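Asks: Next up is a structure, given as structure tokens.
The values are calculated or read from the model by the stated rules, or taken from the named source; none is laboratory data. This structure is a prediction, so every number in the text was calculated from the model and none was measured. Reconstructed Cβ throughout: ideal geometry from the backbone, glycine too, with neighbour counts over all protein chains shown.
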Amino acid sequence: MPAADQAAAGKQARAWAIKLKTGQPTTEDVAAFRRWRAQSALHAQAWAQASQDWKTLGAMAQVFEERHPQRMARPPRQQTTRRFFLGAAASAFGTLAVVGVIRPPAGLWPSWSELGADYRTATGEQRDIQLAHRVQVSLNTQTSISLLHTGGTPRIALIAGEAAVSARHSPCEVLAEDARIVMTHGAVDVRRLATGQVRLRCTEGAAQLHHPSRTVALAARQQISYSRGQLGELGAITPDDAGWRQGVVVFDNLRLVDAIAEINRYRSGRVVLLNDALANRRFSANFKIDALNDAIELLRVVHNVNVRRVGDFVFLS
């Protein structure tokens, strides 16, 4: 791919990011953006990279904010807040004052990178989508996907969250990070983790993972994790690994901090751990997605945790 084409697509992606996030996009704007993104894999990758750049900036901004709170100046009046943040965002993918725009506080609303999604689920929501005659997608909670069609083959870009994709004698591709998952007859579960890794599980049939380092063939009941720079080893999956498809959240000897993160994926509001000394304690249990308040109660009993509730917020100490 010519470098000039890549540079042009990247510039266009950044322009779309600024327009969609810092302006007041109309329905026509969103439709035009989707047409632009669907032109080619290059355009889709440019958008994914722009999203990743802002995500990285968000992490940098968080560190900066924590280390230099006095320098994170805020506008003096409420009516100037929006203008302050939007101006910071548009100025360049560059200023650290855009924390509130690109990193939603406590994850209470979707990040801006999910704005271009064709389908999105809210916290606790799950959704089934029939893409083509023999291609079906199930979205787990807090999941966003975009759809591309190249030569008649459905291509699903996983922006955030977790999706199960099945193909029945019909070609299909899933894009996550900088890798492609290809199937003709099989089913996979793909999840983007908060660590930046992607976890791929082949639940039926077969799939191929095309990673920059190499291509890996997965058979049914095999899994692998990868990131931009690393590719893990093949391993086996267990029946409990797909609990969400049956409406169950499985806590399998998770650290408390990870168990809380899992609760926050499915439960509205927020559970916040205030005592770092509890973070590495272990928790095992199975709960229905609509019964996660019972999981919080079990945490209280098993680990002698103090629980304080403020609306949908729960503070553990």
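Asks: Among the residues of segment 221-255, what is the count of those that are closer than 25 Å to residue 141 by Cβ and outside any strand (DSSP E or B)?
Replies: 15
Results for (1) over 20 Å from residue 244 (Cβ atoms); (2) surrounded by fewer than 22 Cβ atoms within 10 Å (Cβ to Cβ); (3) in contact with a His (Cβ under 7 Å, 6 or more places away or on another chain), shown as yes or no for each residue.
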position: 124; (1), (2), (3): no, yes, no
position: 130; (1), (2), (3): no, yes, no
position: 144; (1), (2), (3): no, no, no
position: 153; (1), (2), (3): yes, yes, no
position: 157; (1), (2), (3): yes, no, no
position: 188; (1), (2), (3): no, no, no
position: 197; (1), (2), (3): no, yes, no
position: 203; (1), (2), (3): no, yes, no
position: 213; (1), (2), (3): yes, yes, no
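Asks: OK, next. Conditions: (1) under 29 Å from residue 258 (Cβ atoms); (2) buried (at least 22 other Cβ atoms within 10 Å of the Cβ). Residue 230 meets all but one. Number of the miss?
Replies: (2)
Asks: So which residues in segment 281-317 are part of a loop (DSSP other than H, G, I, E, B) and touching a helix residue (DSSP H, G or I) at 6+ places or on another chain (Cβ under 7 Å), if there are any at all?
Replies: Answer for segment 281-317, where residues must be part of a loop (DSSP other than H, G, I, E, B) and touching a helix residue (DSSP H, G or I) at 6+ places or on another chain (Cβ under 7 Å): 281, 305.
Asks: Read through the list (1) without any contact (Cβ under 8 Å) to a residue 40 or more places away in the chain; (2) surrounded by fewer than 19 Cβ atoms within 10 Å (Cβ to Cβ); (3) out of contact with any His (no Cβ under 8 Å at 6 or more places or on another chain), then give the number of the only condition that residue 263 fails.
Replies: Here residue 263 meets the rest and fails (2).
Asks: Among (1) at pLDDT below 90; (2) charged (D, E, K, R); (3) touching an Asp or Glu at 6+ places or on another chain (Cβ under 8 Å), where does residue 192 come up short?
Replies: (1)
Asks: Within segment 149-170, count every residue that is closer than 20 Å to residue 42 by Cα and over 18 Å from the mean Cα position of the chain (by Cα).
Replies: 6
Asks: Just to be sure I understand the filter: pairs with C-beta atoms under 6 Å, separated by 6 or more residues or on different chains, first member in segment 1-24 and of a type in the set (S, T, N, Q), second member modelled with pLDDT under 70 and surrounded by 12 or more Cβ atoms within 10 Å (Cβ to Cβ). Which pairs pass?
Replies: Close Cβ pairs (under 6 Å, with a partner that is modelled with pLDDT under 70 and surrounded by 12 or more Cβ atoms within 10 Å (Cβ to Cβ)) amount to 22/86; 22/89; 22/90.
Asks: Based on this model, can you work out whether residue 217 counts as assigned to a strand (DSSP E or B) and without any contact (Cβ under 8 Å) to a residue 12 or more places away in the chain?
Replies: yes
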